[in-house]
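The values are calculated or read from the model by the stated rules, or taken from the named source; none is laboratory data. Model, not experiment: these values are computed from the prediction. Cβ sites come from the backbone with ideal geometry, for glycine too, and all protein chains shown count toward neighbours. For accessibility, only protein heavy atoms count, side chains too; no ligands or nucleic acids. Shrake-Rupley method; radii C 1.70, N 1.55, O 1.52, S 1.80 Å.
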Amino acid sequence: MGSSQSTINSFNLSNKVVIITGSTDGIGKSLARIISSYNPKRLILPVRNRTKGELLLEYIKESDDGNVECIELWDMDLADFT
Ligand SMILES: NC(=O)c1ccc[n+]([C@@H]2O[C@H](COP(=O)([O-])OP(=O)(O)OC[C@H]3O[C@@H](n4cnc5c(N)ncnc54)[C@H](OP(=O)(O)O)[C@@H]3O)[C@@H](O)[C@H]2O)c1
C-alpha cells in the first residue's frame, strides 16, 4: 500500500462531528460503536426510542473499544418532518 493511502487505523476524527442515523439496531448499532472508538469530536445519534438509545449507550460502554464520552443522544423521529 502506498504511503498516500490511509487505512482505518489512521482515521483522525478528533475534529469531526459525526451523525449516524439508525444507530439503535443492526448496521448502525455496530457502526456507532466502531466510530465511537475513534473518539470523534462529537458523535450525534438521533433516536426515536429513548430506551433503545440508553441500551445502545450500555452496549457501547460494555464493549472493549467503545467510548460513550463523545456521544450525544438526540430524541428525533426522522419520519416526523415537524
Ligand atoms: N442488514 C443488511 O444486510 C442490509 C444490507 C443492505 C442495506 N441495508 C439497509 O441499511 C439500513 C439499515 O439496515 P439494518 O438491517 O441495520 O436495519 P434495522 O436493524 O431495522 O435498523 C434500522 C434502524 O433505523 C432506525 N429507524 C427506522 N425508522 C426510523 C425513524 N423514523 N426515525 C429514527 N430512526 C429510525 C431504527 O430505530 P428503532 O430501533 O427505533 O426501530 C433502527 O435503529 C436499511 O435502510 C436497510 O435497508 C441493510
Quick check on my filter: what residues within segment 61-82 are within 14 Å of the ligand (Cβ to nearest atom) and either surrounded by 15 or more Cβ atoms within 10 Å (Cβ to Cβ) or farther than 14 Å from residue 18 by Cβ (or both)? 73, 75, 76, 77, 78, 79, 80, 81, 82
Residue 28 fails exactly one of (1) open to solvent by less than 30 Å² (accessible area, probe 1.4 Å); (2) at pLDDT below 95; (3) not hydroxyl-bearing (Ser, Thr, Tyr), namely (2)
Residue that is farthest from the ligand (Cβ to nearest atom) [pool: residues in segment 16-36 that are farther than 14 Å from residue 53 by Cβ and more than 9 Å from the chain's Cα centre (by Cα)]: 16
Restricted to segment 37-59 and to residues being open to solvent by less than 30 Å² (accessible area, probe 1.4 Å) and within 14 Å of the ligand (Cβ to nearest atom), the residue farthest from residue 81 (Cα to Cα) is 56
